[in-house]
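See below for the structure under consideration.
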Amino acid sequence: MLERLAREETGHRRRFEQLLDEAPSFNPSLRARFLVSVSRFLGTRLVLALLRLEEGREVGRFLRLAQTGVDEPWMRELAHESAAHAQTLGRLTGIRSDPWHHNESGGTVRNVVYGFNDGLTANFGLIAGVIGAAVGRDIVLLTGFSGLVASAFSMAASGYLAAQSQREVDANELNTQRAELLLWPERERAYLADVYQDRGLSRDEADTAASRVMGDPEVALQELAKEKLGIGEEGDSPLREGLVTGSSTVFGALVPIVPFFFGGGSWAIGVSFVVSMTAHFLVGAARSGLTGRNWFRSGFDMFVVGLGVAGAGYLVGYLLTGILPAG
């Protein structure tokens with residue numbers, strides 16, 4: 001499947017070369033090289049999820065062109081193939097929805113973005129607090145690493161428990177639905193027939209489709225789970241959810257600490273502030289890929305949140321220094 005996608009993407013490049021009447025030089029970008037390296041260490045799932053989002057953005061650009069009245073055969077063809085690529089990548093990563101609608105609420109990419117964001121924001125505020133208390137570099141590093149460990153374990157545990165709890169809830173609901181199939185199969189067949197009829201089938205066609213689905217108990221269970229309970233394909237394992245969320249939190253929490261590895265004083269504080277605020281903006285901009293908001297507005301909002309957290313932490317540290325007894 002990946003080789004087929006690669007061949008079709010090569011065809012897209014050639015099509016754009018024809019449209020532009022030129023053949024630009026082709027070299028893998030720094031981002032592409034980075035994604036290859038990431039896939040070697042973390043596996044392909046994260047990279048495929050990112051590529052799916054990129055295909056979704058490409059389809060979104062074609063859709064915006066169509067909304068302005070542009071309707072060219074080449075655009076229809078490329079938009080159709082890009083949409084098919086996004087759907088293929090979705091199947092490979094276990095995501096059913098179309099990425100250009102920005103309506104999925106879970107997934108590896110979301111866990112990475114929000115885990116990184118939590119680690120960055122929480123540790124940045126914590127470090128700002130001890131800086132406000134005018135402590136030395138060693139205390140800043142100790143506080144930063146303590147916050148990193150606490151945030152990482154907290155987020156990892158939260159991700160694991162949330163996924164495990166959802167899995168247990170789904171399993172319990174599936175067992176209940178399985179019992180319903182045993183007790184009143186005709187009632188469940190009638191439910192499916194109504195669903196199919198609502199989707200445009202005639203009554204006879206809906207009855208026939210429902211009867212065929214009910215002919216296989218496992219297929220019927222899956223269909224009823226999807227239609228009645230909203231339970232689709234099994235997602236990531238709780239352990240994977242915890243590891244991904246916890247690891248991304250570690251990287252986020254490291255950002256405000258790194259400058260203090262190389263020294264202390266005003267220089268390290270200034271660099272930490274600039275790097276952390278830049279990271280807040282970039283994280284906010286990255287979240288726009290999940291929320292569909294304007295990337296600058298999303299980045300600016302996150303920038304303001306980071307500034308508020310840092311200001312609050314610094315103020316608390318500064319005020320408590322004059323209240324608490326020394327030592």
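Inspect all residues belonging to the stretch 43-52 and state whether any of them is in a helix (DSSP H, G or I), more than 19 Å from Pro99 (Cβ to Cβ) and at pLDDT below 80. It would help to see each step written out before you state the result.
Restricting attention to the stretch 43-52, the residues satisfying the condition of being in a helix (DSSP H, G or I) are 44-52.
When the remaining residues are screened for being more than 19 Å from Pro99 (Cβ to Cβ), the result is none.
Within the stretch 43-52, not a single residue is in a helix (DSSP H, G or I), more than 19 Å from Pro99 (Cβ to Cβ) and at pLDDT below 80.
Any residue in the stretch 111-132 that's on the phi > 0 side of the Ramachandran plot and acidic (Asp, Glu): show its pairings with residues that are part of a helix (DSSP H, G or I) and open to solvent by less than 10 Å² (accessible area, probe 1.4 Å) at Cβ separation under 9 Å, as long as the two are six or more apart or on different chains.
Within 9 Å, no pair qualifies.
Determine if the stretch 131-147 includes at least one residue that is farther than 26 Å from Val304 by Cα and among the aromatic types (Phe, Trp, Tyr).
Scanning the stretch 131-147 turns up no residue that is farther than 26 Å from Val304 by Cα and among the aromatic types (Phe, Trp, Tyr).
I'd like the residue in the stretch 222-279 that is among the aliphatic types (A, V, I, L, M), part of a helix (DSSP H, G or I) and in contact with a Ser or Thr (Cβ under 7 Å, 6 or more places away or on another chain) and, out of all such residues, is surrounded by the most Cβ atoms within 10 Å (Cβ to Cβ).
Only one residue fits best here, namely Ala253.
Checking the structure you have, find out if any residue of the stretch 92-111 is open to solvent by 10 Å² or more (accessible area, probe 1.4 Å) and under 25 Å from Ser272 (Cα atoms).
yes
What pairs can you find where one residue is in the stretch 164-181 and closer than 20 Å to Gly242 by Cα, the other is open to solvent by less than 50 Å² (accessible area, probe 1.4 Å), and their Cβ atoms are less than 7 Å apart, with a gap of 6+ or different chains?
From the stretch 164-181, the pairs are Gln164/Pro238; Arg167/Pro238; Asp170/Ile231.
Let me confirm something: among Glu3, Glu58, Glu17, which residue is acidic (Asp, Glu), over 21 Å from Asn111 (Cβ atoms) and touching a residue at least 12 places away in the same chain (Cβ under 8 Å)?
On the way: Glu3 fails: touching a residue at least 12 places away in the same chain (Cβ under 8 Å); Glu17 fails: touching a residue at least 12 places away in the same chain (Cβ under 8 Å).
Exactly one of Glu3, Glu58, Glu17 is acidic (Asp, Glu), over 21 Å from Asn111 (Cβ atoms) and touching a residue at least 12 places away in the same chain (Cβ under 8 Å), namely Glu58.
The values are calculated or read from the model by the stated rules, or taken from the named source; none is laboratory data. Because the structure is a prediction, the values reported are computed rather than measured. No Cβ is skipped: glycine too gets one built from the backbone with ideal geometry, and neighbour counts run over all protein chains shown. Only protein heavy atoms, including side chains, enter the accessible area calculation; ligands, DNA and RNA are left aside. Shrake-Rupley method; radii C 1.70, N 1.55, O 1.52, S 1.80 Å.
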